[in-house]
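Working notes, structure below.
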Amino acid sequence: MSVAEVPSRPARASAHTADVTVVGGAGHVGVPLVLSFAASGLKVNVNDINHEHLATLKAGRLPFIEHGAQALLTQALADKRLVFTSKPSEISPKGPVIVTIGTPVDEFLNPERRVIQNCIDGFLPHLRDDQLLVLRSTLYPGTSDWVDAHLRQHGRKLKVAFCPERIAQGFGIDELRKMPQIISGTTPEAEEEAAKLFRAIVPEIVVVKPVEAEFAKLFNNAYRYIEFAITNQFYLIAKSAGLDYHQILRAMKHNYPRAQNIPTPGFAAGPCLVKDTMQLLAFARNEFGLGNAAILVNEGLALHVISDLRRSYDLTNMTVGLLGMAFKAEIDDVRASLSYKFKKTLASYARAVLTTDPFVTTDPELLPLDDVVARSDLLILCTPHRCYKSADFAGKPVVDVWGFLENASVIS
Ligand SMILES: NC(=O)c1ccc[n+]([C@@H]2O[C@H](COP(=O)([O-])OP(=O)(O)OC[C@H]3O[C@@H](n4cnc5c(N)ncnc54)[C@H](O)[C@@H]3O)[C@@H](O)[C@H]2O)c1
């Protein structure tokens with residue numbers, strides 16, 4: 001083979017040559033975004049302070065379940081489209097910088113703007129004024145305009161955009177390809193540049209003002225959370241009347257178009273829905289009555305189930321097994337999972353509480369399903385992972401709020 005015939009190797013991405021930087025790029029929002037940009041042909045700087053997740057990605061593995069991501073990661077590494085960095089000084093001084101870090105509420109359930117401020121202040125000295133700064137984390141209303149004003153006060157001229165992420169966790173690769181992206185910018189230039197960036201990976205964009213985009217994201221999540229609360233409240237009302245809500249729900253939905261979106265009852269949890277409802281609650285001076293009620297119902301459902309069990313069983317002489325510790329089905333993330341609220345509360349009443357999950361890898365107390373079934377007197381389906389549909393529960397009673405199991409001795 002002559003020199004001219006040797007296939008040219010793709011040039012390795014470096015922090016300086018990357019087309020785009022994703023700060024928080026090793027997180028749940030960051031990973032599908034990084035891989036989607038890489039699949040579109042861009043070189044991506046994955047900037048994150050979580051060294052363990054960076055090393056895992058670099059080794060070609062995913063740090064958590066993200067459906068459809070493995071093939072894209074393998075390809076992106078083979079194409080040398082990813083560079084992994086962990087310091088603010090390593091953020092690329094060219095191309096857009098997208099921020100996807102966590103935006104929690106504080107101990108008073110109020111938003112924590114400092115988290116965003118500290119992150120931006122940390123990398124600002126390393127950015128150039130012609131760069132686009134895209135905020136993608138879920139933000140308390142007014143934060144994007146505040147960031148813009150904060151930069152101007154410090155004599156900086158970066159373009160600021162807010163483009164919220166709305167994926168369902170674990171399914172981001174597929175959803176990014178299919179869902180419209182909300183775009184907003186504090187200036188027409190920022191808006192235009194952000195739209196151009198996202199057009200490469202999403203099918204459609206919707207343009208609004210930054211504060212409208214902030215509300216759109218929070219309203220989307222609070223609406224979903226309230227939907228769960230409605231069905232959970234109906235479940236509790238039907239139960240107090242001695243009825244099986246799943247029969248009623250079946251009748252409500254059967255060929256009736258206006259009821260198709262009613263979810264099944266269940267434990268509505270996770271790091272986003274309740275936290276974002278709390279952000280709106282804080283914005284509305286605690287006068288977001290529906291949001292407040294939704295938190296009471298959804299968080300209270302687990303306690304209702306435990307009260308019912310205490311009335312029906314002598315829990316002090318029983319071992320209770322919890323099926324599923326992830327906050328929702330088919331993923332491995334335990335953040336804000338109600339399964340742990342069960343575990344903690346039941347520990348005061350039951351002889352023992354055992355836990356199992358087919359996906360979670362971060363909890364050393366988890367046991368194999370067979371052990372939990374064999375040693376428990378009573379089981380609670382906390383997370384409706386698909387594998388439980390066909391599991392053998394050895395005739396043990398299973399509490400199934402979800403109406404998910406068909407062949408078990410179900411208490412619904
Ligand atoms: N998880 C979801 O499905 C989802 C969906 C839509 C929106 N959101 C929102 O997106 C944001 C991120 O959520 P997430 O679930 O991806 O959180 P996450 O904790 O999984 O990811 C955040 C990442 O940011 C990194 N990080 C934190 N501070 C950093 C810093 N200063 N510099 C570099 N990296 C830093 C963390 O190490 C982590 O890897 C939140 O605002 C959340 O509400 C999440």
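Each Lys and Arg contributes +1 and each Asp and Glu -1, all at the Cβ; summed about the Cα centre of region 292-367, the dipole is approximately 320 debye. The protection proxy used here, the mean number of other Cβ atoms lying within 10 Å of each residue, ranks peptides 343-354, 87-98 as follows, highest first: 87-98, 343-354. Applying the criteria of a DSSP loop state and at most 13 other Cβ atoms within 10 Å to the chymotrypsin sites (Phe, Trp or Tyr not before Pro) of region 32-123 yields PHE108. Loop-resident GluC sites (Glu not before Pro) (DSSP state other than H, G, I, E or B) in region 166-242 with no more than 16 further Cβ atoms inside 10 Å of their Cβ: GLU204. Cα-based values for region 65-106, radius of gyration first and Dmax second, are 14.0, 41 Å. With a ≥ b ≥ c the root eigenvalues of the C-alpha gyration tensor of region 270-336, is it rounded (a/c under 1.5), prolate (a/b larger than b/c) or oblate? In terms of gyration-tensor shape, oblate. In summary, the lysines within cross-link reach of LYS58, defined as a Cα separation below 23 angstrom excluding same-chain residues under 8 places away, comprise LYS43, LYS80, LYS87, LYS94.
In a reduced charge model with +1 at each Lys and Arg Cβ and -1 at each Asp and Glu Cβ, region 136-264 shows a dipole moment near 200 debye about its Cα centre. Just so you know, the Rg over Rh for region 169-244 is 1.22, from Cα atoms, with Rh as the Kirkwood radius. Compared with the alpha-carbon gap, the fully stretched path from MET179 to ILE205 is longer by 8.5 nm at 0.36 nm per residue.
If you bin all the Cα-Cα distances of the chain at 20 Å, starting from zero, the percentages per bin are 24, 51, 23, 2, 0. Considering only SER337, VAL410, SER144, and ranking their Cα positions along the charge dipole of the chain that arises from unit charges at the beta-carbon of Lys, Arg, Asp and Glu, the one farthest toward the positive end is SER144.
Annotation note: GluC sites (Glu not before Pro) in region 272-372 located in DSSP loop regions with a Cβ neighbour count of at most 14 within 10 Å are GLU287, GLU365.
Over every Cα atom in region 213-344, the radius of gyration and the widest Cα-Cα span, Dmax, amount to 16.2, 53 Å. Start at zero, step by 5 Å, and the Cα-Cα distances of region 27-159 spread as 2, 9, 19, 21, 19, 14, 10, 5, 1, 0 percent across the bins. Listed by chain and number, the aspartates and glutamates placed with their C-alpha closer than 18 angstrom to that of LYS196 are ASP19, ASP130, GLU165, GLU204; residues fewer than eight positions away on the same chain are left out. Rounded, prolate or oblate: which fits region 317-412 when a ≥ b ≥ c are the square roots of the eigenvalues of the alpha-carbon gyration tensor, with rounded for a/c under 1.5 and prolate only if a/b beats b/c? The shape class here is rounded.
Each reported figure results from applying straightforward, stated rules to the coordinates on display, with no laboratory input. These numbers come from a predicted model, not from an experiment. For neighbour counting, all protein chains shown are included, and Cβ atoms are generated from backbone atoms with ideal geometry for every residue, glycine included.
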